[in-house]
1. Out of all the residues in segment 53-89, which are crowded, with 16+ Cβ neighbours inside 10 Å and polar (S, T, N, Q)?
2. Spot the failing condition for residue 100; the list is (1) under 21 Å from residue 37 (Cβ atoms); (2) buried (at least 19 other Cβ atoms within 10 Å of the Cβ); (3) of a type outside the set (Asp, Glu), and only one is missed.
3. Out of everything in segment 34-81 that is at pLDDT 95 or above and in a strand (DSSP E or B), what residue ends up being farthest from residue 95 (Cα to Cα)?
4. Could you grab me the full set of residues in segment 90-131 that are under 13 Å from residue 72 (Cβ atoms) and either modelled with pLDDT of 95 or more or assigned to a strand (DSSP E or B) (or both)?
Amino acid sequence: MKITLSRLLITTGLLMGATSANAALPHEATLYKNPQCGCCDGYARHLEDMGVDVTIVDDRELAGIKKAAGVPYGLGACHTVKMGDYTIEGHVPLAAVKALFEQQPEIDGIGLAGMPNGTPGMPGPQQEPYKVYQFQNQEASPFMTL
């Protein structure tokens, strides 16, 4: 099989792009959840599939964790993830998590309220656009819609 120089350069470029996109993600995360919540474990598995080592902490005092992380009232979900310098609240789609670490904005974190169908860890198909919010000092504003 003959490999042309241009094909080799394109393949190398694609591989380097994939590596650098994932390189922006921290290697470790801590997921705080209620001990009975199985969908949170599903979210952890999705992060692990992206190469992140996830420590799961079963904690019934999630309200205090969310408040300390700056999660605005009304944006809460079933779990809170500390990843790098950011908080990821709820079943945030992985595309938004990647965008967060690629852009590295000066915010406390991002969140997706509730437990929408089709998000990582949740069953079923997506039923409506996912409105992901960024937050800082317990104030939310739009981050991205997927």
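1. 80, 87
2. Tallying (1) under 21 Å from residue 37 (Cβ atoms); (2) buried (at least 19 other Cβ atoms within 10 Å of the Cβ); (3) of a type outside the set (Asp, Glu), residue 100 fails exactly one: (1).
3. That would be 57.
4. Scanning segment 90-131 gives 90, 107, 108, 109, 110, 111, 112.
Matching residues to (1) touching an Asp or Glu at 6+ places or on another chain (Cβ under 8 Å); (2) among the polar types (S, T, N, Q); (3) in contact (Cβ under 8 Å) with a residue 12 or more places away in the chain; (4) at negative phi:
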{"position": "71", "(1), (2), (3), (4)": "yes, no, yes, yes"}
{"position": "82", "(1), (2), (3), (4)": "no, no, yes, yes"}
{"position": "86", "(1), (2), (3), (4)": "yes, no, yes, yes"}
{"position": "102", "(1), (2), (3), (4)": "no, no, yes, yes"}
{"position": "107", "(1), (2), (3), (4)": "no, no, yes, yes"}
{"position": "120", "(1), (2), (3), (4)": "no, no, yes, yes"}
{"position": "124", "(1), (2), (3), (4)": "no, no, no, no"}
{"position": "133", "(1), (2), (3), (4)": "no, no, yes, yes"}
{"position": "141", "(1), (2), (3), (4)": "no, yes, no, yes"}
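The values are calculated or read from the model by the stated rules, or taken from the named source; none is laboratory data. Note that the structure is predicted; figures quoted are calculated from it, not measured. Reconstructed Cβ throughout: ideal geometry from the backbone, glycine too, with neighbour counts over all protein chains shown.
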